[in-house]
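The values are calculated or read from the model by the stated rules, or taken from the named source; none is laboratory data. For clarity, every value in this text was computed on a predicted model and none was experimentally measured. We place every Cβ from the backbone using ideal geometry, glycine too, and count neighbours over all the protein chains shown.
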Amino acid sequence: MSPVPSPLAASAWAFVEVVLPVVAGDLAGAAWARRRSHPPGWGALVLVLVACVALPVVATVGLRGPGLWDAALVGGAVWLGLAVGARGGAWPRLLGQGLLALALGEGLAWALLPTPPGIPRPLRAPWASWATDVTDVHGGTWSTDVEACRVVFSAPGRLPARPRVLHVGDSMVFGSGVADHETFVASLGRRRPTEAHVALAAPGLSTDGELLAVRRWVAAGAWDAVVLYVFAGNDLAEVDRVWPCCPGGGLLEGPRARCAEPAWPEGAAAARWRSPPPFALQVAAQGLRSAAWGYAAWAAGRGGLVQPRADELDAAVTRVADLAATLAREAQAAGAAASVVLLPAPPGADLAAPERQARLFGALRETGVHLVDATAFFAAPPIARDALTVDGMHLSPAGHEAFASWVEEGVLERGAPASSGVDPRPLPDSPGP
């Protein structure tokens, strides 16, 4: 994961993204105004104007940079500068009108709109993604979405004959930031060589996706144990979100799968999905209520990108708990012991507030699942806290090794009998995908 940009660095990039294109457009417009009656003529003007919009789009989308909306913002800023510069400049009036409109919009947002939902911080500076992947720091990346969808609709290959334990989760179980052999699941395999420990995980995988994936994997072969890892941060935001491989809604309608097979967007729809909101909007949303609601409106078409509001939290907690209990029931109905491990935010992370953790713990306990709370591990880790994670969130190699020891002692050795307080009968409306 790229470093989290400081507020100063984030604000500087937002300034670059908005102000410098306007200035560049103004200089070009003013220069053209002074010689518009001279060669190279109107054909060249059209070429310049098209280039001012096309080049940012090609640069950001073609080079897999910040995204389509950043390109549109830069292009619009250039056009604004061209228009003002070609008319001889009207910056005092334009600046005054802009500030007045901003103040009016912010006042209306405070007067008419409730507190906006939690907006995630800009986790990556845009320049960090130019040589890697299209950055969507809130819903993952396009490649992350593809990998999560692949896991949802996957089926296991040939299964080993020895006892099998399936570990289900998102980036924490997947091992973001470390090599495959450094994850806690791989460590458990080395510690317990008579058992096969398998990770069914991907960054961005939510509880509804995990349920569908487990259905496929349980149907493909017998498992001795299934361990689901639930996180009180992004799991509450991502449940029932819109997925690119199941357009038109979430993965589930109640407990049933909406899409039997993945269906991917194409053309303009795919470009829109790949592109995060403009970085300037991400920065403004941290301090302006109007911008925060603008971000929330953009995210409404994607789902799972903002934390639930206070009035939505109970529904999100109940939904995640119900899906986790459904997964446990169906695993037990197939003969597997089922456990749910509740993961808190690691020290220094801010995605899972204590009240979310407490509510989700209570909701999971009420379902009767075999529940193990990992709060103690992260509150007092057996290694130095600064060595526990690679990025403040995901475990480091040493953190994975320590967590493997905790899982072995606190989950596997204690065991979760097939009944474990959960009704082992399958839900009547829980067929396979």
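The single residue among S176, S187, S171 that is over 23 Å from the mean Cα position of the chain (by Cα) and of a type in the set (S, T, Y) turns out to be S187. Would you confirm whether any residue within the stretch 178-201 is assigned to a loop (DSSP other than H, G, I, E, B), among the hydroxyl-bearing types (S, T, Y) and closer than 21 Å to A374 by Cβ? Scanning the stretch 178-201, I find at least one residue that is assigned to a loop (DSSP other than H, G, I, E, B), among the hydroxyl-bearing types (S, T, Y) and closer than 21 Å to A374 by Cβ, so the answer is yes. Look at the stretch 356-372: where a residue is free of Cβ contacts under 8 Å to residues at least 12 places away in the same chain and a partner is not in a loop (DSSP other than H, G, I, E, B), sitting 6+ places away or on another chain with Cβ atoms under 7 Å, you get R365/L371. From the list G89, G75, G62, the lone residue that is at pLDDT below 50, over 17 Å from Q286 (Cα atoms) and over 19 Å from the mean Cα position of the chain (by Cα) is G62. From the list R329, R365, R356, exactly one residue is at pLDDT 90 or above and crowded, with 20+ Cβ neighbours inside 10 Å. Which is it? Only one candidate passes the filter, namely R329. Among (1) within 21 Å of S176 (Cβ to Cβ); (2) free of Cβ contacts under 8 Å to residues at least 12 places away in the same chain, there is one condition V407 misses while meeting the rest; what is its number? With respect to (1) within 21 Å of S176 (Cβ to Cβ); (2) free of Cβ contacts under 8 Å to residues at least 12 places away in the same chain, V407 is out only on (2).
Just one of the listed residues (D208, D224) is surrounded by fewer than 18 Cβ atoms within 10 Å (Cβ to Cβ), in the same structural domain as V340 (by TED's automatic domain parsing) and within 19 Å of V340 (Cα to Cα), namely D224.
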